[in-house]
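Read-outs: derived from the displayed coordinates by stated rules, not from any lab. Keep in mind the model is a prediction, meaning the values are calculated, not measured. Note that we place each Cβ from the backbone using ideal geometry, even for glycine, and neighbour counts take in every protein chain shown.
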Amino acid sequence: MKTPIIEIKSVSKAFERQQVLNGVSLGIQKGETITILGGSGTGKSVLLKLISGLEKPDRGQIVIETRDIVPLRENELIPFRRKIGMLFQGAALFDSLSTGENVAYPIREHFRFSEEKIRKIVREKLRLVGLEGVEEKMPAELSGGMKKRVGLARAIAIDPEIILYDEPTTGLDPANTERINQLIAELQRILHVTSIVVTHDLESAYAVTDRLALLHKGRIAIVGTQKEFLASQIQEVRDFIEKKIIA
Ligand SMILES: Nc1ncnc2c1ncn2[C@@H]1O[C@H](COP(=O)(O)OP(=O)(O)OP(=O)(O)O)[C@@H](O)[C@H]1O
Ligand SMILES: [Mg+2]
């Protein structure tokens with residue numbers, strides 16, 4: 001049995017009186033791509049924020065490699081943040097910064113590199129996502145699909161070992177969806193990273209991942225391969241496949 005690179009153990013999180021996560025446990029193997037599915041508001045984005053250390057759970061452990069990051073202070077989290085790239089829901093670019101500066105942001109945050117080196121990395125990451133020469137453009141000048149790709153370039157800017165994708169294809173037309181899915185698969189192949197993809201799009205999930213997990217009522221209802229997922233008799237899984245759960 002391989003040791004997981006990320007182990008989520010009995011994690012709970014509430015906001016005011018709303019219990020969003022209620023005992024989530026999930027192990028993620030090094031180098032795998034796993035999809036987290038679930039209806040709207042089930043806590044998928046919250047779970048990614050907990051893994052990246054942006055939020056703290058009320059209970060439970062989040063072990064990255066061998067260290068539980070939950071009790072860590074901001075400054076102790078820095079080395080973990082350096083390992084993790086995140087594509088935020090809706091891409092979430094900084095509107096007042098150029099495309100190039102958006103991609104450079106995490107590099108400046110984590111490293112003291114020369115301007116020349118930063119420019120070179122930014123150019124390389126934009127090239128990887130199929131966007132060359134857009135450094136000077138402002139986010140408002142980009143299409144939705146381009147913004148997602150810039151978000152992706154920013155997520156991989158510091159060569160993370162783990163990439164968290166929050167709804168990478170939501171709101172995109174089929175051609176751009178296909179393109180982003182291909183990019184995720186390609187980055188996986190080239191960079192050998194561990195990836196967690198949050199989506200409510202089953203087709204995208206099948207296209208990019210090794211395993212699927214369904215988040216339902218604060219817990220993981222199932223985790224398994226596409227085959228196991230499709231064959232599952234668990235009611236929530238059937239409902240999700242038959243689109244009875246509003247995503
Ligand atoms: N910082 C916060 N303060 C208060 N409530 C929050 C906060 N973050 C999330 N929530 C609540 O937690 C619940 C889960 O939110 P989350 O964004 O994780 O859902 P989601 O599964 O990502 O949904 P979607 O598919 O719509 O993106 C929601 O009801 C949301 O309002
Ligand atoms: Mg979300």
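Observations
- C-alpha long axis of helix 144-155 to longest principal axis of the chain, angle in °: 90
- Couplings 3J(HN,Hα) of segment 86-94, computed from phi: 10, 9, 6, 4, x, 6, 6, 7, 7 Hz, in residue order, whole Hz [Karplus 6.51 cos²θ - 1.76 cosθ + 1.60, θ = phi - 60°; x for Gly and Pro].
- Distant-in-sequence amide H partners of G130 (H built 1.01 Å from N, under 5 Å): none
- Loop-located GluC sites (Glu not before Pro) in segment 12-91 whose Cβ has at most 10 other Cβ within 10 Å (DSSP): E16
- Estimated FRET transfer efficiency (E203, M138; beta-carbon r; R0 30 Å; 0.05): 0.40
- Hz values of 3J(HN,Hα) by residue in segment 64-79 - Karplus curve (6.51, -1.76, 1.60), Gly and Pro given as x: 10, 6, 10, 10, 6, 7, 4, x, 6, 7, 3, 5, 6, 7, 3, x
- Choice from A104, A221, A213 with maximal GNM fluctuation in the chain (Cα, 10 Å cutoff): A221
- The trypsin sites (Lys or Arg not before Pro) found in segment 86-159 that occupy coil by DSSP, while having at most 10 further C-beta atoms within 10 Å, are R112.
- Order of S204, S232 - criterion: other Cβ atoms within 10 Å of each residue's Cβ, fewest first: S232, S204
- Note, ³J(HN,Hα) from phi for segment 178-186, Karplus 6.51, -1.76, 1.60, rounded to Hz, x at Gly and Pro: 4, 4, 5, 4, 5, 4, 4, 5, 5
- Charge tally in the Cβ shell below 12 Å around V193, where Lys, Arg are +1 and Asp, Glu are -1, V193 excluded: -1
- Choice from T177, T99, T199 showing the highest fluctuation, given a GNM over the chain with Cα pairs closer than 10 Å: T177
- Span per principal axis, largest first, for the Cα atoms of segment 56-118 (Å): 40, 28, 17
- Seen from a random direction on average, the alpha-carbon convex hull of segment 91-159 projects onto 4.0 square nanometres.
- With 5 Å bins from 0: P(r) over segment 79-215, alpha-carbon pairs, percent: 2, 11, 22, 24, 21, 12, 6, 2, 0
- Selection of trypsin sites (Lys or Arg not before Pro), segment 38-93, meeting DSSP coil and at most 15 other Cβ within 10 Å: R73
- Taking one quarter of the surface of the C-alpha convex hull of the chain gives a mean projected area of 13.8 nm².
- Only helices enter the 222 nm calculation for the chain: every DSSP H run of n ≥ 4 contributes -39,500 (n - 2.57), and dividing by all residues gives -11000 deg cm²/dmol, rounded to 500.
- Taking the chain as a Gaussian network of alpha-carbon nodes connected by springs under 10 Å, the highest mean-square fluctuation of the residues I107, I36, I51 belongs to I107.
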